[in-house]
Amino acid sequence: MKTIIEPFKIKSVEPIYFTTLEQRKKILFDAFYNPFLIKAQDVIIDLLTDSGTSAMSSAQWAGIMLGDESYAGSNSFFHFEKTIQDITGLPIVIPTHQGRASEKILFSVIGALGKYIVSNTLFDTTRANIEASGAQGIDLLCAEGKIPSTPAPFKGNMDVDAFRNFIKEKGAENIPLCIVTVTNNSGGGQPVSMQNIREVRAVCDEYKIPMFIDACRFAENCYFIKLREKEFEHVPVHAIVGELFSYADGCTMSAKKDAFANIGGFIALRNEELAMQCRNLLIITEGFPTYGGLAGRDLEAIAIGLKEVMDENYLQYRIRTTEYLTEKLAAAGVPVMQPAGGHAVYLDAKAFLNHIPVTQYPGQALVAALYLAGGIRSCEIGSLMFGKYDENGNLVEAMMELVRLAIPRRVYTQSHIDYVAEVIIEVYNNRHQIKGLEVTYEAPALRHFTARLKEVDFLFLYN
Ligand SMILES: *Cc1c(COP(=O)(O)O)cnc(C)c1O
């Protein structure tokens, strides 16, 4: 088989600024070993997130010029609305400025103290908005999804038996919504099978619980269904997408992911009464229902991006990118999550830096090492992000210590990815020189964004 090439030509470029090792040492020190505190210009390859970092197409940029900025009833809104109706089959479309705004509105309406929102895995903003409403968020992920080293085709699936048991325990009347995240971002970008969606739908029908989809990566998920679920081998992705949404009562979406936009989101749904309540909140927090916190030009770019993302040449290249990087790393013995997710590659920092105890944040230490060695910016998903303290002030460890390398859409070429692999392998071969970190400042909530750290004294490691 020949190389799967980038299915685009480059019309406009922006420079990468190079730094030396000596410069990066100072930058990292000045940023307190926290990649969120490094200036973007000081980064060579930026894999912090795939959110809002996509390259837009020439068609999207042309759409930006066509954007209709009328306050009410703009052409761009009707283009946006019709595109989403056509793709999802959901009749009511409410624009928002990004995914979490959709979540804030939806859960303010349906969440309340004593209620449970059930999911395969809730993304952190989704959970935060559920909890802000007083409700509790419940993750019921399948067993294979919890083990990074064990390959399985659909590690994002929901545990249907656990869902049924949970309903029996808490009562269907206390579960206003089940929301399935496709692909499962917090669980490594792993897909959910159509079979699983059908089973979850059947349980929801049985107990009259509405089912929504967190649709941020719907196209990537549906391409995995095509590759891995025999029944869909010859089905076009747009038809798989149509079937996926046919089981849903609604969805929330961040257009910063699979719509190739730099900002935007929406809620789409069938229930007119729920839509009315959402729109009432929208008007207070986001704006009039035909723009919802966005400019007309954004609505236009999103509508075009949503169609482009279902191009199978694009999806093949997209999924191949993470697979390619994972293969190279695995071949060099680097501990990496398998199989690759859709939007990111995850390193297992606990195995990578097994000389650093979890109390010294091996994930963050690896993030720092990748920046030092090659100017690569990545993100810790481990005990710095999720860790809590017990009543004695001891760290309660996260389930896993991962480092996420999120791949922006259409931004980097194969040689950029080759460079990333080379840097990671070099760091792996010199891993014993990497020191653990300690926190010197932290905020009371979401500490990873602003935390300050320093290297621990090397001698402590052997005490
Ligand atoms: C990014 C994301 C969100 C939130 O979207 P924002 O646009 O960042 O507010 C919600 N769910 C999932 C699965 C996401 O990846």
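The values are calculated or read from the model by the stated rules, or taken from the named source; none is laboratory data. Here the structure is a predicted model, which is why all the values come from computation and not from measurement. Every residue, glycine among them, receives a Cβ derived from its backbone with ideal geometry; neighbour counts consider all protein chains shown. Only protein heavy atoms, including side chains, enter the accessible area calculation; ligands, DNA and RNA are left aside. Shrake-Rupley method; radii C 1.70, N 1.55, O 1.52, S 1.80 Å.
Residues that are within 13 Å of the ligand (Cβ to nearest atom): find the helices (runs of 4 or more DSSP H) completely inside region 91-180 holding 2 or more of those.
99-110, 124-132
Please go through region 261-302 and give me each residue that is open to solvent by 30 Å² or more (accessible area, probe 1.4 Å), under 25 Å from Ser58 (Cα atoms) and out of contact with any His (no Cβ under 9 Å at 6 or more places or on another chain), ordered by number.
Asn262, Tyr291, Arg297
Residues in region 188-198 that are within 16 Å of the ligand (Cβ to nearest atom) and either touching a Lys or Arg at 6+ places or on another chain (Cβ under 6 Å) or open to solvent by 10 Å² or more (accessible area, probe 1.4 Å) (or both): how many?
First, pick out the residues of region 188-198 that are within 16 Å of the ligand (Cβ to nearest atom): 188-192, 197.
After this cut, where a residue has to be either touching a Lys or Arg at 6+ places or on another chain (Cβ under 6 Å) or open to solvent by 10 Å² or more (accessible area, probe 1.4 Å) (or both) as well, the list is 190.
The number of residues fulfilling the criteria is 1.
From Cys222, Cys251, Cys216, grab the single residue that is within 16 Å of the ligand (Cβ to nearest atom), of a type outside the set (Val, Ile, Thr) and open to solvent by 10 Å² or more (accessible area, probe 1.4 Å). It would help to see each step written out before you state the result.
Details: Cys222 fails: open to solvent by 10 Å² or more (accessible area, probe 1.4 Å); Cys251 fails: open to solvent by 10 Å² or more (accessible area, probe 1.4 Å).
After applying the criteria, what remains is Cys216.
How many residues does region 384-420 hold that are over 19 Å from Leu48 (Cβ atoms) and at pLDDT 95 or above?
Looking only at that region, the number is 3.
So Asn394 fits all but one of (1) in contact with a Phe, Trp or Tyr (Cβ under 9 Å, 6 or more places away or on another chain); (2) more than 30 Å from Lys9 (Cβ to Cβ); what number is the exception?
The failed condition is (1).
With the requirement that a residue be under 22 Å from the mean Cα position of the chain (by Cα) and hydroxyl-bearing (Ser, Thr, Tyr), what does region 362-413 give you?
Tyr371, Ser378, Ser383, Tyr412, Thr413 - these are the residues of region 362-413 that are under 22 Å from the mean Cα position of the chain (by Cα) and hydroxyl-bearing (Ser, Thr, Tyr).
Quick one: in region 347-399, which of the residues that are closer than 29 Å to Ile417 by Cβ and of a type in the set (Val, Ile, Thr) is surrounded by the most Cβ atoms within 10 Å (Cβ to Cβ)?
The selected residue is Val367.
What about Phe232, is it modelled with pLDDT of 95 or more, surrounded by fewer than 24 Cβ atoms within 10 Å (Cβ to Cβ) and either within 16 Å of the ligand (Cβ to nearest atom) or not assigned by TED's automatic domain parsing to the domain that holds Thr413 (or both)? Give the steps one after another, and end with the answer.
Details: modelled with pLDDT of 95 or more: yes; surrounded by fewer than 24 Cβ atoms within 10 Å (Cβ to Cβ): yes; either within 16 Å of the ligand (Cβ to nearest atom) or not assigned by TED's automatic domain parsing to the domain that holds Thr413 (or both): yes.
Yes; evaluated as a whole, the condition is true for this residue.
Only one of these is farther than 30 Å from Ala239 by Cα and surrounded by 24 or more Cβ atoms within 10 Å (Cβ to Cβ): Ile130, Ile94. Name it.
None of the other options fit; the residue is Ile130.
Mind listing whichever residues of region 25-47 are crowded, with 21+ Cβ neighbours inside 10 Å and within 16 Å of the ligand (Cβ to nearest atom)?
Residue satisfying the conditions is Leu47 alone.
Which pairs turn up if I take residues in region 215-236 that are free of Cβ contacts under 8 Å to residues at least 24 places away in the same chain and look for partners that are away from the ligand (no atom under 11 Å from the Cβ) and of a type in the set (Lys, Arg) with beta carbon separation below 8 Å, at least 6 apart in sequence or on another chain?
Glu233/Lys226; Val235/Lys226
Write out, first by first residue and then by second, each pair whose Cβ atoms fall under 6 Å of each other, whose residues are 6+ apart or on separate chains, and whose first residue, in region 161-189, is in contact (Cβ under 8 Å) with a residue 24 or more places away in the chain while the second is surrounded by fewer than 18 Cβ atoms within 10 Å (Cβ to Cβ).
Partner pairs satisfying both residue conditions: Ile167/Tyr207; Ala172/Tyr207.
Quick one: in region 360-383, which of the residues that are in contact with a Ser or Thr (Cβ under 9 Å, 6 or more places away or on another chain) and at pLDDT below 95 is nearest to Ala219 (Cα to Cα)?
Our first condition is that a residue be in contact with a Ser or Thr (Cβ under 9 Å, 6 or more places away or on another chain); within region 360-383, this holds for 361-364, 366-367, 370-371, 375, 379, 381, 383.
Within this subset, residues satisfying the condition of being at pLDDT below 95 are 381, 383.
Working: Ile381: 24, Ser383: 31 Å.
By that ranking, first place goes to Ile381.
Failed condition for Phe77, given (1) open to solvent by 20 Å² or more (accessible area, probe 1.4 Å); (2) in contact with a Phe, Trp or Tyr (Cβ under 7 Å, 6 or more places away or on another chain); (3) more than 16 Å from the ligand (Cβ to nearest atom); (4) assigned to a helix (DSSP H, G or I), with all others met?
The failed condition is (1).
Would you check which residues across region 26-51 are closer than 14 Å to Arg377 by Cα and in a helix (DSSP H, G or I) and list them?
Ile27, Leu28, Pro35, Phe36, Leu37, Ala40, Gln41, Asp42
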